[in-house]
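Okay, so here's the structure we're looking at.
The values are calculated or read from the model by the stated rules, or taken from the named source; none is laboratory data. Keep in mind that this is a model prediction, so the values were computed, not measured. Here the Cβ positions follow ideal geometry from the backbone for every residue, glycine too, while neighbour counts run over all protein chains shown.
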Amino acid sequence: MERKIRILVAKPGLDGHDRGAKVVAQALRDAGMEVIYTGLHQTVDQIIQTALQEDVDVIGLSIMSGAHLPICEKLMKKMKEKEFEDATVVVGGVIPTRDIPLLQKMGIEGVFPGGTPFDESIKWIKEHIKQRT
Amino acid sequence: MGVARYIKNDKDEILDVILQSGIHIKPVYTRKDMEDAGFDPEKDLAYPGEYPFTRGIHPQGYRSREWTTRQYTGFGTPEETNERFKLMISHGQTGLNVAFDLPTQMGLDSDDPLSEGEVGRVGMAVDSLRDFEAAFREIPLDRIGAGLTINAVASIMLAMFQATSEKFGFKKDRVSATPQNDILKEMIGRGAWIFPVKPSVCLIGDTIEYSMKELPRTNPVSICGYHIRESGCSPAQEIAYAFQIANTYIEEVLRRGHSIDDFVRGFTFNLNIFGNLWEQVAKFRAARKLWAKNLKERYGAKDNRSLLLRGIFGGGGYGMTKAQPENNIIRGAYYALAAALGGAQTTALCSFDEAYTIPTPRAALLSLRTFQILMEEIGMRDTVDPLAGSYFIETLTKQMEEKIVEEMKQVDEMGGMTKAVETGYVQREVARQAYEFEKGVQKGELIKVGVNKYTEGEEMEVELHEYRLGSAEEQIRRLKEVKRERDNRTVAQLLKDLENAARAERNVMPYLLECCKAYATVGEMTRVFKEVYGEFKEPSIF
């Protein structure tokens, strides 16, 4: 049997607006993925630790505060330091278009700003994980 | 329940309308519908300013007084925010509504490692009294009330506000603050919680008890159905949950031996305005009536002033869209109309660019102008509760009332709001509906212009507020200055006193006031509370 895609939906930083994270978590689950939700106020270290423990394929960050650039930079740096590079990192939330190339340059492979249809992000994740395995 | 729906035939004729609160709308209403809904003009309406206040809390409505306008404002350093406050006031804004950055909301100082990247980003940074002094410099605090949109550490901010106004020479019975101070809704929807439920509610009790005696013009709580609705619940649940949260705070103060009429008139509400116009108007009318009834029947309030539902009806954030952002200017105007027809005392509006970033000055002023046009140009001040007596509106108001009562009963059956939040019942209900709503939009069942109908394909350029990296550095530099210049031994002693008071379950407000006056920082005071109270653990809802 095919292994289900495991995805960590994470809320990094201090922001507590989790409507988007919870909605996406439900959509990913309905699409057949195994979803782990971190809950609020997670540090980058906590997120990496949970991702390692849960052996996830994807880390999905939800960021609404505007602090996506510094948070993502920190996460990617720490993942490199820990030589934890098997997981694909994606980010969603309030992300201005002009920041998308900057995030991709950091190694964030998928960027899904608010309003992205579920089908689009689900399809991207499924195809992306297939290619990697 | 969860998503408003239109049932249509293949000729695009509407066969049925189901509001988000679950009420079906008929094509035509007559006197009989009102009667069938149990409408009794004597009992259900009366005059504006009279029990049960369905028609409004003032006999003359907006004739005697326009609404207060309070755009949610704050970014960068307190100095930058002060400039924006003055700009808004110079353009006719009549109140303030302070946005704090996330570190401040979470009780962290600007130099805390956890604050990195967030200082001054979504609101202004506050570390010590110095920052409040800078933020409120040259603001006529005896004339302009200040909403302090902060919850977990609202007690600290209220103390800061008192210390600042005293320092500027305003008498404490002349200044008016409205700290948001509603932690249960943070646990349901907005997520800026720190301490567990019980001590958090206790802190709210402290602020209410303290304001009663020390700050008589302050409204110590603003209970927010608003954010619960933003997080996904229906308009009927928005009111039901807000009232049950209010009841929790009421009971905390009653437990301390105070009489309901001594404190409850300081309660205010923060309610949302997006969605179906009729449903919102009926919601506000039903809410005013039920609040009066709740106070009278459940708590035996006797003073008429205790029965008034006062509030800010505003925002509308979740109705706004990222696609075709200029449409949000038009949406905002309709939402503000709902607030006016609903009899709001105070209003604020999410600006059209808020799906991108915090508002530019131009966007914030457009929101302010929206209110001014409503009040000055199109007749919103002419007469009180203009929709009263409409077959449709009165029927719908009765039906909303029933729905709200049903939802309140569910929370009662669970053992009250504290239980409902601790077990995650409300959070689950809210998250489920948020998902239903989103699916509805994505399937095109729920129309959002520019998102799933009349789309344009191309993205519109929006002028963005720029986050200034330098403001975080300035803020940290000032914090260091404050710590150098203050009397650190006194601060340490005052923090110890605060800790002892918290452990002994004495009212902490007088101790916080002393700490603030000695320039203790938000982070230092919060650390004391964390030591004593511990931290909230989110219930798992999946």
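Assorted remarks:
- Scan of the stretch B:498-520 for residues that are surrounded by fewer than 17 Cβ atoms within 10 Å (Cβ to Cβ) and touching a Phe, Trp or Tyr at 6+ places or on another chain (Cβ under 9 Å), ordered by number: B:500, B:510
- Any hit, the stretch B:363-370, residues being under 30 Å from residue B:540 (Cα atoms), not β-branched (Val, Ile, Thr) and not in a loop (DSSP other than H, G, I, E, B): no
- Screening the candidates B:96, B:87 for the property of being out of contact with any Gly (no Cβ under 6 Å at 6 or more places or on another chain), of a type in the set (A, V, I, L, M), surrounded by fewer than 23 Cβ atoms within 10 Å (Cβ to Cβ) and away from chain A (no Cβ under 14 Å) yields one hit, B:87.
- Filter result for residue B:33 (crowded, with 19+ Cβ neighbours inside 10 Å, among the charged types (D, E, K, R) and not in a loop (DSSP other than H, G, I, E, B)): no
- Scanning the stretch A:63-99 for residues that are at the interface with chain B (Cβ under 10 Å from one of its Cβ atoms), more than 17 Å from residue A:112 (Cβ to Cβ) and of a type in the set (Lys, Arg) yields a single hit, A:74.
- Of the criteria (1) touching a helix residue (DSSP H, G or I) at 6+ places or on another chain (Cβ under 6 Å); (2) over 30 Å from residue B:127 (Cβ atoms), which one residue B:63 fails: (1)
- One residue from A:39, A:16, A:60 being of a type outside the set (D, E, K, R) and more than 13 Å from chain B (Cβ to nearest Cβ): A:60
- Flag for residue B:49 being closer than 20 Å to residue B:381 by Cα, at pLDDT 95 or above, within 23 Å of the chain's Cα centre (by Cα) and not aromatic (Phe, Trp, Tyr): no
- Residues that are in a loop (DSSP other than H, G, I, E, B) and charged (D, E, K, R), drawn from the stretch B:231-256: B:256
- Answer residue from the stretch B:407-428, given it is touching a residue at least 24 places away in the same chain (Cβ under 8 Å) and of a type in the set (Asp, Glu) and is surrounded by the most Cβ atoms within 10 Å (Cβ to Cβ) among those: B:407
- Just one residue in the set A:49, A:131 is more than 11 Å from every other protein chain (Cβ to nearest Cβ), modelled with pLDDT under 95, more than 13 Å from the chain's Cα centre (by Cα) and part of a helix (DSSP H, G or I); that residue is A:131.
- There is no residue in the stretch B:378-401 that is in a loop (DSSP other than H, G, I, E, B), within 13 Å of another protein chain (Cβ to nearest Cβ) and not charged (D, E, K, R).
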